[in-house]
Amino acid sequence: MTAVTGLRAELRADALGVGTAAPRLSWRLEQAPEPAEQAEARMVSADGSSSTVPLVAPDGVLVDWPFPELVSRQRVEVSVRALVAREWSDWSEPLAVEAALLEQGDWSEPLVVPSAAAVHELRPSHLLRAEFTLDEAPASARLYVTAQGVFTAALNGGPLSDEHLAPGWTSYTHRLRYRVHDVTAMLRAGANVIGAELADGWFRGRIGFDGGLWDVFGEHVGLLAQLEVTDAQGDTRVVPLGDAWRQIPGPATRVGLYEGESYDARLLPDGWLEPGFDPSAWRVPQLRPVVEIGTVLEAAVGEPVRPIESLRPVSVEKRPSGRLRLDFGQNISGVLRVKADLPAGRTLRMHHAEVLENDELGTRPLREAPSIDSYTSDGSGPFSWAPRFTIHGFRYAELEGWHGDLADVDVEALVIHTDMERRGWFACSDPMLEKLHENTVWSMRDNFVDLPTDCPQRDERMGWTGDIQVFAPAAEFLYGADGVLTSWLRDVAAEQGSDGWVPNFVPWVECGFPRGASAAWGDAATIVPWTMYQRRGDLSILREQWPSMKAWVDHLALRVGPGGVVEGSMELGDWLDPAAPPENPAAARTDKYLVASAYAVRSARIVADTAVLLGDLEAEAHYRAFAERVAEATRRRWFEDLASIADAPTALALGLEFGLVEDPDARRRLGDLLAAAVREGGHHVQTGFVGTPIICDALASSGHLDDAYALLLQQECPSWLYPVSMGATTIWERWDSMLPDGSINPGGMTSFNHYALGAVVDFLHRVVAGLAPSAPGYREITVQPRPGGGLTSASASHLSPFGMIAVSWELADGLLALDVEVPTGVSARVILPDGGVHTVGAGAHHYSAPMPAAQKEATR
Ligand code: BGC
């Protein structure tokens, strides 16, 4: 019997506090023999009345809200049923959907601003406390809460949530996100206490590289907490807390995101979260009317950052220095949790590093991010402590000041990132390739800490646009990244200049990096939303980003010189081409203006295609003409006489993959030249940020699958598998972040956790395993495994908007056995190595086909 499952509003399974009056609905069909013909939704309101309406689309992919728009705080229950094969399914489990505060005027509580000296050095946290009385226990209660800074909060002693670094990082001058918590069960009749601890985070303190900048968003932190209670009659009121707030410096004596957290347990007042505590020694904080905050308060989209799993050390060792070294066996983003018992006043220090060098913590790559936490005991007995206001990228940690036995060490590493749903998996017969895939998954996890960052460890951790631009397809396959990316794209749009300029990282921090927007970086403004539309079928992301997408291409038009190609602009080019010297990563083999022109074509074509989808035909004509003009000039400038690019694999791959060369003969020549260059390079990687994500596709699609595999499976440096052979557990920033002799690359920019070069996993999914989308949202897929490289099996599965898609193949005795599982609503075109083509719908399908002789040879 067909079942409607996984109902979501705005992609949220927990739809408490959605920030829109018309949240879109998504669901999946289970056990459906065919796609739904119709679907309807039923809404039950708080007063028990209900209405049932037909839905505009029965497919369950972000279907428009069919009811009257919600007003702030309105809570309804929604269920969906589908008509399949002329039979109505049962109603789905109801989903509670509750609107957040949709109008800025809904906020009446002030921002609570603890006073503190405006100094450019690490500051302490602040404790904030307010006591209030309720005549009766509320029938329901909500806390709408955010901060300028980062915070934790508690009600009557109970923690509000397990979020880490709430409210995360946005372009605070434009947007500040809040979350809504159901606190009904935490309140009681009589005296109640709300408490919070507030620290600098990204808002204040030091962020950015080359010394960074202090207090980028403001000189004072503040907490905004609006508590609303509803009585049994359904009347809702704000509990006025304003005048009740009191402040003192918190137990975190010095806190910085890069520096770490120093905590002195002796400074935490006993009973401060209990009613009746005497706060007379506390100060009265400043209260700033919410209208003065000068930013838009926005309900968070997507899931929060929280501890996702905890790792135990794989080894613990006492060092000659007396320190205890812990190896967690995996490079992560997170913090330690230490359980211990220390005498009063004794301090335990925690040092972090990604790698060892000369058998010591390799901290040089952290640059100006010391990443040291400390805990000073109050001697009251065993404690369990984890820092709350910092985060580190590390695999190794050392404890300084530990005096107990090795056997008593009770330390875990909390893996902390945005709590995204896992959606994609890959496996194959080659353990090294599997490890490359796993390392990429880890680098994604470690860098999706509220926004897509370059790295989680050094004095950077910025939303570098180029990194996510190349990684977006992989990210969309592996995890439900929509919340992180939707929020971040809003910042991209918010920070875009009036001339369409896109900062090289967002939020932008003016710490000395050139302001000019680089190709492949700024193109995130078009390519990331386009990828989200392709992979999730979400047209509204294009609608939302449309002005930003167009503005970027308008900006590119300003950069086209008299020769018709991009010229004279600041460009990072094919960043980190292994031929570039450590101190100049932009010095690549491929002309940076070829890269810039190719990307201008790609972005302009995306904008033209988007215009078609949005029904703006005038815009389509305009951007199409621009794209083709630049494409033609680029072709003439670089792709007629190929001699100038013959030894630049990135240039050749761009010609093929970005559709700069269309004539079949010319494409064949380009493919042959590319294969020759790759062979000439001994199947070592010769590409940087731009070429690396596309080179295997360029080889495979131009008839050189064997070379793609040889490149993919290369283990000597530079290659994807070289780091794996060196024991990497994440993707490195440089091909040789660690040199073969075990020393760390001398370049000042050397991270062991950058996802960008892991973008190749998208090739593993689409080509090696053979699971590729061919229409937005995986509504249509192409299943065409391309075995090679000696692999005897591979598989990929993906939780698409329609349900799980799985492809898996095995090769034995020249026969390919292929299994394909297709969910209802998806049509699969299966292309077998012997040329057989089958178009199939939902169900499990099995095929067996002989491998053609040439490919049999290649897979031996
Ligand atoms: C970042 C990169 C980024 C690059 C561009 C680096 O410092 O870590 O990932 O894209 O700068 O300049």
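The values are calculated or read from the model by the stated rules, or taken from the named source; none is laboratory data. If you're wondering where the values come from, they're calculated on a predicted model, not measured in any experiment. Note that each Cβ is placed from the backbone with ideal geometry, even for glycine, and that neighbours are counted across all protein chains shown. For the accessible areas, the whole protein counts, side chains as well, though only heavy atoms, and no ligand, DNA or RNA atoms are used. Shrake-Rupley method; radii C 1.70, N 1.55, O 1.52, S 1.80 Å.
Only aspartates and glutamates eight or more places from LYS592 in sequence, or on another chain, were considered; those with a Cα closer than 15 Å are ASP523, GLU567, GLU571, ASP574, ASP577, ASP647. Summing Lys and Arg as +1 and Asp and Glu as -1 over all other residues whose Cβ lies under 14 Å from the Cβ of SER125 gives a net charge of -1. Of the GluC sites (Glu not before Pro) found in region 47-111, the ones in coil according to DSSP and having at most 16 other Cβ atoms within 10 Å of their Cβ are GLU69, GLU103. The shape of region 343-404 can be summarised by an equivalent ellipsoid whose semi-axes, obtained from the alpha carbon gyration tensor, come to 25, 13, 9 Å from longest to shortest. Its Cα centre serving as origin, the chain has a Cβ charge dipole (Lys and Arg +1, Asp and Glu -1) of approximately 320 debye. Using only the Cα atoms of region 265-384, each taken as one equal point scatterer with no solvent, compute I(q) by the Debye sum, divide by I(0), and report log10 of the ratio at q = 0.15, 0.16, 0.17, 0.21 Å⁻¹. Each listed q corresponds, in turn, to -1.02, -1.07, -1.11, -1.27.
Principal axis extents of the C-alpha atoms in region 450-547 (largest first, rounded to whole Å): 38, 33, 20.
If you sort LYS318, LYS592 by accessible surface, 1.4 Å probe, largest first, the order is LYS318, LYS592. Helix 465-478 axis versus longest C-alpha principal axis of the chain: approximately 90°, rounded to the nearest ten. For region 197-298, what class follows from the C-alpha gyration tensor (a ≥ b ≥ c being the square roots of its eigenvalues): rounded when a/c is under 1.5, otherwise prolate if a/b is larger than b/c, else oblate? Cα axes put region 197-298 in the oblate bin. What's the long-distance tail for region 649-755, i.e. % of Cα pairs beyond 21 Å? Counting pairs separated by more than 21 Å, the tail of P(r) holds 38 percent. Shape descriptor for region 3-99: Rg over Rh equals 0.95 (Cα atoms; Rh from the Kirkwood inverse mean 1/r).
Measuring max minus min along each principal axis, the C-alpha atoms of the chain give extents of 84, 73, 58 Å (largest first).
For the chain, adding -39500 (n - 2.57) for each run of n ≥ 4 DSSP H residues and dividing by the number of residues yields -6500 deg cm²/dmol at 222 nm.
For region 725-860, what does the alpha-carbon gyration tensor say about shape, rounded, prolate or oblate, given a ≥ b ≥ c as the root eigenvalues, a/c under 1.5 as rounded, and a/b over b/c as prolate? It comes out oblate by the Cα gyration axes.
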